[in-house]
Amino acid sequence: MATAELAVVRTPAEEAIVERYPAFRARQQHWGGAAVERLREQGFAALKTRGLPNRRVEEWKYTDLKALMPQLAERFDGFSQGLVERAAALRPHLAVGDATRILFVNGCSAATLREQGFVYGSVAHGDDPRPQTAAVISRERDYADNAAVALNSAFMDDWVFLRIPAGTKPDKPLHLEFREIGDKPFATYPRVLIVVEDGASATVIETHDGSDGVAYQTNSLIEFEIGNGARVEHVAMNAAGDKALALSTVAARLGRDARFATLTVTVGAAVSRQQLFLAFQGEGSEAQVRGATMLRDKQHCDSTLVINHAAPHCLSRETFKTVLDDEARGVFQGKIIVAPGAQKTDGKMAAHTLLLSDAAEANAKPELEIFADDVVCGHGATAGALDDNLKFYLMARGIPEKDAEALLIESFVAEGVDSVEDETLREALMDVARGWLKARE
Amino acid sequence: MPLLEIKNLQASVEEREILKGLDLVVNKGEVHAIMGPNGSGKSTLAHVLSGKPDYEVTGGEVLLEGEDILELDPAERAAKGIFLAFQYPMEIPGVATMTFLRTALNSQRKIRGEPELSTPEFMRRVRDAAQKLNIDQDMLKRPVNVGFSGGEKKRNEILQMALLEPKLAVLDETDSGLDIDALKVVADGVNRLRSPERAMIVITHYQRLLNHIVPDVVHVLSKGRIVRTGGKELALELEAKGYADYQEEAA
């Protein structure tokens, strides 16, 4: 009896999960049907059994969620027309150009869209996801028990879906704008499914912005189902508030001959955990996965990737650039899995960190799990200060020390951002980097 | 007043003394060649003049137009008019050559209290200078020196020199790694920049470069000191006899 009690010692956050869930579930049962109910229950069961992961859980080794999230903030419930209007008047830190804006205010979709070359719907509002999308909603997810995903599943109160019909391309990029506003802590759990059908293509921009000085907790899940021959360019910008705990997960499943490019640029939040679960399901597909992270003060950002080469003849490139100043901490965990039979897999992963301060800390944990014999896979990680020889070269041309450093840091980050095809978007991302550098002076 | 006056200069790298009391006077309009065997301190002199941090000056003076420059950082020295053409120009991924040139030029102007150049004026200057060096516009859009051939890198150095219009240019082994055609392009570029207002120090191991950039004065550097000074014929003598005399003499 004594041991059983010891085993269930819970933190206040874990206690709150267990206490609040039954009433929340009762309020949510009116939407989504059996598939959503099953996911919700699965998420809750994982959390109830295991609690929040601490550093002894390998997957969370450098981001001890149990310690970093001692309290579970209450779901935001102060929605009003005024709040939505206030949010709609704000602009994200990333100057997103001409795009179709899909605004989420404190986790709740405020979009009122008609068809604009794509289908938008909300499962909670009873929009019909049609059979193919419904099948994606109800499928098994091998990342379902991941703590951040489980938390989102247990406490989601909507599921937004977007569908790009086969062979089409929306006129403008789709902009998922997540805006958290409030003056006391609150929690949000937005969830979006994006189905890009065979031969379709789309650019999806995801921005996260929020109030500074408020310890809000946001936990987003965005899933991409990318059909045969489909192409997706995804750019995410984390400019969350300076006290925020920002958990975000992107999951992508690629069919045959598909292309997926994803870049995450991070300057915000006190603590971020950014996860990518990517699975190649068909032959001949390629994924470019990139990150550019710039942190200062005591910011913490963890980028964790699981790239599952489940099909042969696929290529993935993972390139992460991190700049750390002051006492910031940057974490990179990347795992490439090559399934038995996934021959001719080509996977290369690199994580490079620039340390601008002696007190900054970088952790890198690249892993390869290879179960096929005819593959080319590799990884590399570096961490170091600015190159003194490069700095001298710039200074010898008359560029003062601080400016020389800024130029070198900018160029380091630019290598992560250069791949973005849209020039306006690429420049906007570099403006974010330059803004970060300017604040350093 | 001489443009550059070096008095009894002593300098060390990683606690090893390389320059051991070097004296040199260079006047406006002159081109001086400094020749010497490997390890004699030629490149050290170039780096000390431009202020590379890991080179420690342990004694002596370096005066530019009568002003001691040893306390200035590399950027301040550049703004005063010192230019070093690197033996191994650095590759800077992610920084377009054009951005680099504009930043350098405007930084120097700012330090000197001059206004920034307008974009059209800057573009005009770059285009003119690039054309003379057979540098195409495409190369200017690429990141600084990344993927450039040896010849392209050296031409890029001379392009920077042409734009920055230094009072004193120090060319560190500019001939290294160049075939004869590339060498001519670079030398022509340097010769066009000779002027009564500007001096140059050409550091080289071989006489070959001096057929194209004809010096007014030739110095032999050995074991951290200038051991002989003469006219351009001294370079030919060194070519014929090698450095054996100087290595033994100093040893």
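A few points about this structure:
- Only helices (runs of 4 or more DSSP H) whose full extent lies in the stretch A:355-441 are considered here, and the ones with at least 1 residues that are at pLDDT below 95 and within 20 Å of A:Ala292 (Cα to Cα) are A:401-417, A:423-438.
- Restricting attention to the stretch B:99-140, the residues being within 13 Å of another protein chain (Cβ to nearest Cβ) and farther than 18 Å from B:Glu165 by Cβ number 1.
- From the list A:Val375, A:Val420, A:Val432, A:Val338, the one residue that fits, being more than 11 Å from chain B (Cβ to nearest Cβ), β-branched (Val, Ile, Thr), touching a helix residue (DSSP H, G or I) at 6+ places or on another chain (Cβ under 7 Å) and in contact (Cβ under 8 Å) with a residue 24 or more places away in the chain, is A:Val420.
- Checked against (1) of a type in the set (Asp, Glu); (2) part of a loop (DSSP other than H, G, I, E, B); (3) under 14 Å from A:Pro190 (Cβ atoms), A:Asp209 passes all but condition (2).
- Exclusive hit being under 24 Å from A:Arg139 (Cβ atoms) and among the aromatic types (Phe, Trp, Tyr), set A:Phe76, A:Phe44: A:Phe44
- All of (1) surrounded by fewer than 15 Cβ atoms within 10 Å (Cβ to Cβ); (2) within 14 Å of chain B (Cβ to nearest Cβ) hold for A:Glu441 with one exception: (2).
- Evaluation of A:Asp387 against (1) crowded, with 20+ Cβ neighbours inside 10 Å; (2) within 14 Å of another protein chain (Cβ to nearest Cβ); (3) at negative phi (one fails), failing number: (1)
- Contact annotation: residue pairs with Cβ atoms under 7 Å, 6 or more positions apart or on different chains, pairing a residue in the stretch A:384-408 that is of a type in the set (Val, Ile, Thr) with a partner that is at pLDDT below 95, are A:Ile399/A:Leu407.
- Evaluating B:Ser12 against the criteria (1) surrounded by 16 or more Cβ atoms within 10 Å (Cβ to Cβ); (2) free of Cβ contacts under 8 Å to residues at least 60 places away in the same chain; (3) within 14 Å of chain A (Cβ to nearest Cβ) leaves one unmet condition, (3).
- Within the stretch B:68-109, considering residues that are crowded, with 23+ Cβ neighbours inside 10 Å and aromatic (Phe, Trp, Tyr), the one farthest from B:Met139 (Cα to Cα): B:Phe83
- Residues located in the stretch B:36-83, provided they are under 22 Å from B:Ser107 (Cβ atoms), among the charged types (D, E, K, R) and within 14 Å of another protein chain (Cβ to nearest Cβ): B:Lys52, B:Asp73, B:Glu76, B:Arg77, B:Lys80
- Qualifying residue in the stretch A:177-193 (condition: touching an Asp or Glu at 6+ places or on another chain (Cβ under 6 Å), over 24 Å from A:Phe76 (Cα atoms) and surrounded by fewer than 24 Cβ atoms within 10 Å (Cβ to Cβ)): no
- Yes/no for A:Val214 being part of a loop (DSSP other than H, G, I, E, B), of a type in the set (A, V, I, L, M) and not assigned by TED's automatic domain parsing to the domain that holds A:Glu423: yes
- Considering residues of the stretch A:136-166 that are touching an Asp or Glu at 6+ places or on another chain (Cβ under 7 Å) and part of a loop (DSSP other than H, G, I, E, B) only, the residue surrounded by the most Cβ atoms within 10 Å (Cβ to Cβ): A:Pro165
- Meets criteria (under 26 Å from B:Gly21 (Cβ atoms) and not acidic (Asp, Glu)) for B:Ile201: yes
Yes/no per residue for (1) more than 20 Å from A:Val432 (Cβ to Cβ); (2) small (Gly, Ala, Ser); (3) at pLDDT 95 or above; (4) under 15 Å from the mean Cα position of the chain (by Cα):
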residue: A:Glu177; (1), (2), (3), (4): no, no, yes, yes
residue: A:Phe186; (1), (2), (3), (4): yes, no, yes, no
residue: A:Gly199; (1), (2), (3), (4): yes, yes, yes, no
residue: A:Phe224; (1), (2), (3), (4): yes, no, yes, yes
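- Taking the stretch A:27-121 as the region of interest, none of the helices (runs of 4 or more DSSP H) fully inside it holds 2 or more residues being surrounded by fewer than 13 Cβ atoms within 10 Å (Cβ to Cβ), polar (S, T, N, Q) and on the phi < 0 side of the Ramachandran plot.
- Residues that are within 18 Å of the chain's Cα centre (by Cα) and either surrounded by 24 or more Cβ atoms within 10 Å (Cβ to Cβ) or under 16 Å from A:Ala261 (Cβ atoms) (or both), drawn from the stretch A:332-348: A:Phe332, A:Gly334, A:Ile336
- Among all residues of the stretch B:16-23, there is none that is of a type outside the set (Val, Ile, Thr), within 25 Å of B:Arg109 (Cβ to Cβ), buried (at least 17 other Cβ atoms within 10 Å of the Cβ) and more than 10 Å from chain A (Cβ to nearest Cβ).
- The stretch A:395-417: number of residues that are over 18 Å from A:Leu263 (Cβ atoms), at the interface with chain B (Cβ under 7 Å from one of its Cβ atoms) and not acidic (Asp, Glu): 7
- Some residue of the stretch B:43-58 being farther than 26 Å from B:His205 by Cβ and either surrounded by 22 or more Cβ atoms within 10 Å (Cβ to Cβ) or in contact (Cβ under 8 Å) with a residue 24 or more places away in the chain (or both): no
Residue-by-condition table, conditions (1) surrounded by fewer than 18 Cβ atoms within 10 Å (Cβ to Cβ); (2) touching a residue at least 24 places away in the same chain (Cβ under 8 Å); (3) within 13 Å of chain A (Cβ to nearest Cβ); (4) closer than 19 Å to B:Met139 by Cβ:
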residue	(1), (2), (3), (4)
B:Lys154	no, yes, no, yes
B:Asp172	no, yes, yes, no
B:Asp175	no, yes, no, no
B:Ile180	yes, no, no, no
B:Ala187	no, yes, no, no
B:Asn191	yes, no, no, no
B:Met200	no, yes, no, no
B:Ile203	no, yes, no, no
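- Test: residue in the stretch A:113-126 that is free of Cβ contacts under 8 Å to residues at least 40 places away in the same chain, assigned by TED's automatic domain parsing to the domain that holds A:Arg86 and touching a helix residue (DSSP H, G or I) at 6+ places or on another chain (Cβ under 9 Å): no
- Hey, A:Phe392 within 11 Å of chain B (Cβ to nearest Cβ) and either of a type in the set (Lys, Arg) or within 22 Å of the chain's Cα centre (by Cα) (or both) or not: no
- Within the stretch A:343-356, residues that are more than 21 Å from A:Ser316 (Cα to Cα) reach partners that are part of a strand (DSSP E or B) and of a type in the set (S, T, N, Q) with beta carbons closer than 8 Å, at six or more positions or on different chains, in the pairs A:Leu354/A:Thr322.
The values are calculated or read from the model by the stated rules, or taken from the named source; none is laboratory data. Just so it is clear, the model here is predicted, and its values are computed rather than measured. Please note: Cβ atoms are built from the backbone with ideal geometry, for glycine as well, and neighbour counts cover all protein chains shown.
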